[in-house]
Amino acid sequence: MKGLKEKIVVVTGGGGGIGAATCRRFAEDGAHVVVMDVNDEAAHAVADGIVADGGRATATVADLTDYDAAVAAVARIEKETGPIDVLVNGIGWDVFTPFLKSGPDFWTRIIDINLRGVLNITHPVLARMAERGAGRIVSIASDAARGGSSGESVYAACKAGIIAFSKTIAREHARQGITANVVCPGVTETAMLEKFMEAAGDKEKLRTAFTRAVPMGRLGQPDDLPGAILFFASDDAAFVTGQVLSVSGGLTMHG
Ligand SMILES: NC(=O)c1ccc[n+]([C@@H]2O[C@H](COP(=O)([O-])OP(=O)(O)OC[C@H]3O[C@@H](n4cnc5c(N)ncnc54)[C@H](O)[C@@H]3O)[C@@H](O)[C@H]2O)c1
């Protein structure tokens, strides 16, 4: 993808399934990847793997539900590695729970990770991008935000919030050379999906139902996502902002 060589790219949730695949693809395109995750071991494993393959990567551990931790992580990265060119918001967490079986403590946890976690890191990164007049923000939402998803009411609300938030910062910063776009995975085979299906009960029945719902007849794999994410971060997308792209085998089809 054009224009990613030498760029400093921060991928939050970089230790997870989609995040790790995204980190590896950015590194293959010559970027310096900062793998950010609350999971120390996972973040270091991804960064070490990239370095072993001849790429450039470092790991940064931060719990992004904590604004001060996010601010400190951004300051650390900019001091030790350099100005952040690209931010990929990739953290996420969910447990299958029908809305009427959930309550305020669960909602707080879901909102803290899936929505506040994005606001907390985007705020200090965007402030620095605005000062420099350049930057790319790509946030991973979900097809759950576009079509609804049983058992994911509050998660879906957060992901819809990410879409509205991204469109708004895209407008606020369009004249400063900053773009903000969103990629929506469908059902993708990662640790998050495995835990989600376990909590729902009959895992294999659910896997079959999910697969049948996808027009292309298969579940997504982590490597299905980086192409769209790297496109939004690349020079080829210089005139693209405030857009939402589903990568889900046709699960949702929006005009
Ligand atoms: N897997 C799917 O079916 C699916 C579908 C739609 C959207 N998504 C979204 O894709 C993104 C990646 O998900 P995934 O499936 O690869 O999940 P994953 O569980 O493999 O990865 C998520 C990562 O986020 C990290 N994380 C969680 N809370 C954090 C916090 N407070 N601070 C920092 N890091 C934190 C986790 O440690 C983990 O490494 C998420 O935004 C998720 O909501 C996934």
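Tabulated data for the structure shown
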{"quantity": "Euclidean distance of C-alpha centroids, region 194-227 and region 125-171, integer Å", "calculated": "22"}
{"quantity": "With eigenvalues of the C-alpha gyration tensor scaled by 5 and rooted, the chain, Å", "calculated": "28, 19, 19"}
{"quantity": "Gained length - Met216 relative to Lys79, 0.36 nm times residue gap less alpha-carbon distance", "calculated": "44.8 nm"}
{"quantity": "Between helix 203-213 and the chain: long-axis angle, C-alpha atoms, 0 to 90°, nearest 10", "calculated": "80"}
{"quantity": "Calculated FRET value between Leu245 and Ala174, using beta carbons and R₀ = 22 Å, to 0.05", "calculated": "0.75"}
{"quantity": "Chymotrypsin sites (Phe, Trp or Tyr not before Pro) within region 131-237, DSSP loop, no more than 13 other Cβ atoms inside 10 Å", "calculated": "none"}
{"quantity": "Trypsin sites (Lys or Arg not before Pro) restricted to region 1-79 and DSSP loop, no more than 15 other C-beta within 10 Å", "calculated": "Lys2, Lys5"}
{"quantity": "Above-threshold pairs, the threshold being 29 Å between Cα atoms, out of Lys7/Lys195; Lys167/Lys203; Lys79/Lys195; Lys101/Lys203; Lys167/Lys195; Lys7/Lys167", "calculated": "Lys7/Lys195; Lys167/Lys203; Lys79/Lys195; Lys167/Lys195"}
{"quantity": "Qualifying trypsin sites (Lys or Arg not before Pro) for region 197-237 [loop in DSSP, other Cβ within 10 Å: at most 15]", "calculated": "Arg218"}
{"quantity": "Degrees between helix 153-172 axis and first principal axis of the chain (Cα, 0 to 90, nearest 10)", "calculated": "30"}
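Bear in mind that the values in this text are calculations on the coordinates, not laboratory data. Only a predicted model underlies this, so the values are computations on that prediction, with no experimental measurement involved. For neighbour counting, all protein chains shown are included, and Cβ atoms are generated from backbone atoms with ideal geometry for every residue, glycine included.
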